[in-house]
Amino acid sequence: MPGPPGRIFFGNAFDLVYKPAQQQMAKWAEEYGPIYKLSLPGAMVVVLTEPEAITTVIKLERFEKDRMMYKVLEEITSETLPNMLTVPTGPYYRAVRKAITPAFSSANLRQFFPELVSLTERLAAQLMTHGSVVPVDVDRAAQRLTIDVIGRFAFDRDFGALGFSRSEELEAICALMLALETSQNPLNRWFWWRKVHRPDYWLCTVNQYRLTMLVPAMAEARVAEELDVCGLLATSTRPKPRPVTWGDLGQLRYLNAVIQEALRLMPPVSAGTIRTAPRDTRLAGKDVPAGATVWIPHYAVQRSSRTWGADAGRFRPERWLTGFSGLQQQQQGEKEEEGKLPKGQSEGVTDGGGSSGGDGAVRRTAAAAAAVMATDDEEEIVKAAATTAARGWLPFSDGPRNCVGQSLALLELRTTLATLCGRFRFRLAEEMGGVEGVVAAARQDVTLKPGDKGLLMHVIPRVP
């Protein structure tokens with residue numbers, strides 16, 4: 001099995017500690033293929049980025065999470081009760097999951113929706129009073145919103161984080177995340193002197209505000225045009241647009257595509273998931289022995305040119321509207337040049353299988369996902385996420401261990417971005433070094449987060 005050369009004793013560990021791990025693993029995937037090996041002190045790890053093989057691991061054969069890698073979570077959260085993130089998929093996990101899942105039903109989310117709108121309106125009001133001269137740490141603002149959303153949805157309590165004063169709840173979560181950050185990374189066992197970065201604060205949604213605010217000007221203009229049609233854009237004749245309604249969510253197709261593309265390029269848990277092979281198996285054309293550690297890095301999977309085409313690293317929301325991945329469009333162009341297809345004519349949708357894109361099944365999957373994102377039914381959107389996961393889109397993972405709160409995360413994203421993008425323009429502060437600087441500084445701790453500066457942006461009201 002191919003893989004990068006390592007150092008004596010330490011293997012490839014230094015490369016993952018002193019470089020952005022998510023970017024390094026994506027680079028190796030391009031160089032060594034969809035399955036490669038890493039050498040770590042005392043361990044050999046198989047890294048997997050092929051969508052079909054990933055589906056086998058996490059959905060079909062359901063490899064269990066690696067006990068050694070996840071044990072620290074149990075030590076931090078509870079010494080007596082099993083942890084839902086690490087407990088094997090047995091009767092206990094299934095019972096708890098079954099009890100929790102109804103809380104995130106479409107009916108419950110719809111009932112909570114007015115409260116969510118109220119919270120996003122409160123955040124918009126705070127940003128309006130801040131002004132546009134001094135940049136805002138959008139990362140911190142998103143954290144505060146998410147804390148209050150969780151408080152109201154899960155505990156029926158107003159934590160008051162959006163008051164932008166001291167928040168005991170936020171400080172408590174900060175302390176917990178710091179503990180997780182310094183112990184969750186398995187490499188820290190060998191590199192105890194590693195510098196501790198600024199902590200992150202839970203829930204997938206925070207990470208997506210960060211990237212979505214960095215959309216190119218052309219994409220921003222299309223989002224604004226779509227919001228204007230729905231009456232959600234602040235203009236000179238409509239300085240204060242109406243609040244977002246449940247019915248609006250299904251109309252904002254381009255905004256939904258922006259969210260999907262942001263989730264692809266900057267997945268919340270970019271490190272992905274680590275599983276243990278229960279038996280000898282064959283993955284992506286390679287033999288994997290029983291007991292092997294299998295690492296599925298979401299960042300590398302979702303930026304793979306084998307799956308997404310030559311433009312895999314490019315922010316292009318249109319890929320979610322056309323039903324074609326970047327690879328499919330690239331391959332179609334090549335066939336047109338070779339005379340195998342008339343110009344502008346795509347191949348028919350088939351029921352064919354195949355791996356890593358380019359076939360009719362992939363095209364159908366992408367088209368179905370885009371169509372479902374045009375609905376206001378959050379349960380249907382989650383089903384679409386599960387479908388596209390089989391083709392290399394894993395921001396919420398897949399299978400029985402996927403993110404139970406993804407429907408709430410998507411609802412919060414859609415509602416908040418519709419509100420904020422309708423009232424403000426967002427521009428990166430000069431000290432961030434452009435989009436390239438933000439991406440280069442991103443670090444994977446518990447979730448993917450900005451560098452030590454946060455995410456400083458000028459928040460400019462569309463109508464002063």
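The values are calculated or read from the model by the stated rules, or taken from the named source; none is laboratory data. A quick note: this is a predicted structure, and the numbers were derived from the prediction, not measured. In this analysis, Cβ positions are derived from the backbone assuming ideal geometry, glycine residues included, and neighbour counts consider all displayed protein chains.
Taking the options Leu119, Leu73, name whichever one is at pLDDT 95 or above and either within 30 Å of Phe426 (Cα to Cα) or part of a helix (DSSP H, G or I) (or both).
Leu119
Considering only segment 254-269, I want to know if a residue exists there that is touching a strand residue (DSSP E or B) at 6+ places or on another chain (Cβ under 6 Å), surrounded by 21 or more Cβ atoms within 10 Å (Cβ to Cβ) and either charged (D, E, K, R) or closer than 17 Å to Arg67 by Cβ (or both).
no
Kindly indicate which of Thr146, Thr129 is part of a helix (DSSP H, G or I) and either closer than 23 Å to Leu249 by Cβ or modelled with pLDDT of 95 or more (or both).
On the way: Thr129 fails: either closer than 23 Å to Leu249 by Cβ or modelled with pLDDT of 95 or more (or both).
Just one listed residue meets the conditions, Thr146.
Can you tell me which residue among Arg306, Arg314, Arg242, Arg282 is over 15 Å from the mean Cα position of the chain (by Cα), surrounded by fewer than 24 Cβ atoms within 10 Å (Cβ to Cβ) and touching a residue at least 24 places away in the same chain (Cβ under 8 Å)?
On inspection, the qualifying residue turns out to be Arg306.
Grab the helices (runs of 4 or more DSSP H) fully contained in segment 159-267, keeping just those with 1 or more residues being modelled with pLDDT of 65 or more. If you could, list the steps in order and put the result at the bottom.
Details: elements: 168-184, 205-212, 217-229, 253-265.
Counting at least 1 such residues, we get 168-184, 217-229, 253-265.
Conditions tested, residue by residue: (1) in a loop (DSSP other than H, G, I, E, B); (2) of a type in the set (Val, Ile, Thr); (3) without any contact (Cβ under 8 Å) to a residue 12 or more places away in the chain.
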| residue | (1), (2), (3) |
| --- | --- |
| Met1 | yes, no, no |
| Pro4 | yes, no, no |
| Gln22 | no, no, no |
| Ala26 | no, no, no |
| Glu31 | no, no, no |
| Val46 | no, yes, no |
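State all residues of segment 229-239 that are under 28 Å from the mean Cα position of the chain (by Cα) and over 13 Å from Arg253 (Cα atoms); if no residue qualifies, say none.
Matches in segment 229-239: Leu232, Leu233.
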